[in-house]
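In what follows, a structure is listed as structure tokens, so that the remarks can point back to it.
The values are calculated or read from the model by the stated rules, or taken from the named source; none is laboratory data. Owing to the predicted nature of the structure, the values given are computational and were not obtained by experimental measurement. Neighbour counts run over all protein chains shown; Cβ positions are idealised from the backbone, glycine included. Quick note on the areas: whole protein, heavy atoms, side chains included, nothing else; ligands and nucleic acids left out. Shrake-Rupley method; radii C 1.70, N 1.55, O 1.52, S 1.80 Å.
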Amino acid sequence: MGSDGKRKKRGRKPKTQTTLDPTTPTSNDEVFSVNNVEIVNSTTPTSANHLENRRGRPKKRPKHSPEKPPPLTNGEIGVATPGEGVARVLPAMDAVVKVFCVHTEPNFSLPWQRKRQYSSSSSGFVIRGRRVLTNAHSVEHYTQVKLKKRGSDTKYLATVLAIGTECDIALLTVNDDEFWEGVSPVEFGELPALQDAVTVVGYPIGGDTISVTSGVVSRIEILSYVHGSTELLGLQIDAAINSGNSGGPAFNDKGECVGIAFQSLKHEDAENIGYVIPTPVIKHFIQDYEKNGAYTGFPFLGIEWQKMENPDLRMAMGMKPDQKGVRIRRVDPTALESEVLQPSDIILSFDGVDIANDGTVPFRHGERIGFSYLISQKYTGDNAAIKVLRNSKTLEFVIKLSTHRRLIPPHVKGKPPSYYIIAGFVFTTVSVPYLRSEYGKEYEFEAPVKLLDKLLHSMPQSPDEQMVVVSQVLVADINIGYEDIVNTQIVVLRMKTAKEATVDILTTHCIPSAISDDLKP
């Protein structure tokens with residue numbers, strides 16, 4: 001009995017409780033930082049000295065110590081598996097970089113000047129050949145691009161090698177050799193299957209450190225690429241993709257890159273739906289650049305087509321019961337395929353692959369996908385074999401594929417808009433960025449019906465045709481009575497003293513030039 005008159009209780013001493021940093025996730029399924037967490041067995045071993053000091057029968061020591069997990073190399077992270085003391089090694093995080101860009105967008109409503117510059121941050125990752133991949137919209141209208149590695153406080157100036165607007169991918173490089181020290185390039189994997197696990201890594205908003213989110217592949221189909229206004233193969237995942245994640249890699253459970261995060265679905269009835277650019281699209285972009293020294297784009301068929309699911313329609317077009325395909329409604333007169341394809345032709349197959357009545361083709365086991373996927377696998381200038389049904393006769397053609405140009409282009413690929421000013425009349429070309437600048441994000445509802453009809457249904461009749469409008473009239477004595485003209489399509493304009501009055505109008509409105517650089521002789 002001690003001096004305080006109390007007897008010490010016999011029994012085990014309390015075990016020492018291991019605690020984690022409050023900022024560190026405590027779930028076994030979360031990804032931990034190697035610097036903060038040590039992966040141990042689910043049962044914490046007791047020290048040898050403590051066993052010897054305990055009363056009673058000592059516990060037997062194991063004959064063989066459990067095998068320790070292999071050490072993690074620099075830049076790798078481990079994931080604890082419940083009930084086990086081993087670590088599943090995930091890809092090197094050092095290959096993921098933060099992209100800082102200063103943008104200076106054109107002012108499409110006032111095409112002789114630019115908007116105020118602004119800054120953005122996104123993600124990217126290192127690939128072979130001392131190159132970095134990110135999203136095209138991350139560096140669109142760039143003035144300056146910088147990259148910062150994980151755990152570094154230095155920003156390195158980057159050079160933009162290529163921007164693929166349609167596929168929303170950009171290729172960068174850094175001339176400073178220091179940037180590439182200690183960085184291993186990311187390796188690409190195959191296209192994942194449904195329910196395959198994916199891990200998205202990047203630098204989303206809300207912090208300066210790297211972020212890791214996980215999910216599974218929930219859908220593989222032809223997706224609408226918002227930035228490029230195109231339709232290409234895409235992956236839908238249930239991992240959150242937030243602002244700043246753009247350009248970050250998506251890894252499979254083998255540590256291979258299977259895609260690039262690029263957009264998410266914002267809808268009140270949907271949560272955690274993100275989209276990833278898959279490896280076939282990425283490899284197409286890279287090989288296109290390596291083959292041509294520049295990005296040339298994805299080829300498209302310059303046609304409009306309709307499904308042939310109606311049996312009466314198939315009968316009217318002379319299709320046999322065993323024949324399937326899609327009907328051509330219109331052919332772009334500027335497209336190369338207009339020389340062989342005609343309206344009401346039934347496309348039966350593309351490069352030997354039969355097309356179904358709903359416009360789909362077989363895609364892996366138990367899956368189907370839109371036949372535009374077959375076209376997107378080709379490169380600009382490649383040949384393709386097309387089998388069509390015309391007047392109940394089967395014909396075969398070999399066509400040369402090219403990029404498809406629209407009358408109102410969905411983007412200007414980083415170029416400033418064209419304009420011409422005469423007598424105060426400001427002429428400019430119509431594009432989707434111009435409509436967005438004039439009528440806002442809801443331009444599809446706010447723009448005049450005539451312009452929307454041209455946007456949705458018109459095809460160019462010649463290779464150099466553009467839609468030109470008078471965007472506004474700069475007030476002057478020569479154009480009194482015309483001040484209210486806004487976004488009116490022009491066919492012919494005749495004004496006698498226009499050239500003499502233009503110089504004075506430019507001076508009055510502080511406009512440096514009456515013509516854009518691309519129109520100067």
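For the set LYS266/LYS413; LYS149/LYS415; LYS148/LYS413; LYS146/LYS454, the pairs lying more than 28 angstrom apart at their alpha carbons are LYS149/LYS415; LYS146/LYS454. Which net charge results when you count Lys and Arg as +1 and Asp and Glu as -1 among the other residues whose beta-carbon is under 11 Å from that of SER418? Around SER418, the charge tally is 0. Could you run the Debye sum over the Cα atoms of the range 350-463, one equal point scatterer each and no solvent, and tell me log10 of I(q)/I(0) at q = 0.13, 0.20 Å⁻¹, two decimals? Log-scaled intensity ratios, in q order: -0.78, -1.15.
Put PHE445, PHE285 in order of accessible area, highest first, and with a 1.4 Å probe you get PHE445, PHE285.
Only protein heavy atoms count here; under a 1.4 Å probe, MET319 has an accessible surface of about 20 Å².
Every Cα-Cα pair of the range 314-403 was included, and the share exceeding 23 Å stands at 21 percent.
If you take the alpha carbon atoms of the range 438-477 and fit the smallest convex hull around them, that volume is 120 Å³ per residue. For the range 281-294, the Karplus equation 6.51 cos²θ - 1.76 cosθ + 1.60, evaluated at θ = phi - 60°, returns couplings of 6, 4, 5, 4, 4, 5, 5, 4, 5, 5, 6, 10, x, 6 Hz by residue, with Gly and Pro reported as x. Subtracting the Cα-Cα distance of VAL486 and THR209 from 0.36 nm times their residue separation leaves 94.9 nm of extension gain. Here's the picture: a label point sits 7 Å out from the Cα of THR159 along the beta-carbon direction, and within the range 134-153 nothing has its amide nitrogen under 11 Å of it.
Taking Lys and Arg as +1 and Asp and Glu as -1, the other residues whose beta-carbon sits under 13 Å from that of TRP180 total -1.
Heavy-atom accessible area with a 1.4 Å probe sorts THR334, THR508, largest first, into THR508, THR334.
Ordered by solvent-accessible area of protein heavy atoms (1.4 Å probe), largest first, the residues CYS167, CYS510 come out as CYS510, CYS167. Kindly identify the range 95-181 as rounded, prolate or oblate by the Cα gyration tensor criterion: order the square roots of the eigenvalues as a ≥ b ≥ c, call it rounded if a/c is under 1.5, otherwise compare a/b with b/c, prolate if a/b is larger, else oblate. Prolate is the answer for the range 95-181, as a/c is 1.5 or above and a/b outweighs b/c. With N as its number of residues, the range 132-182 has a Cα radius of gyration that, divided by 2.2 N^0.38 Å, comes to 1.16.
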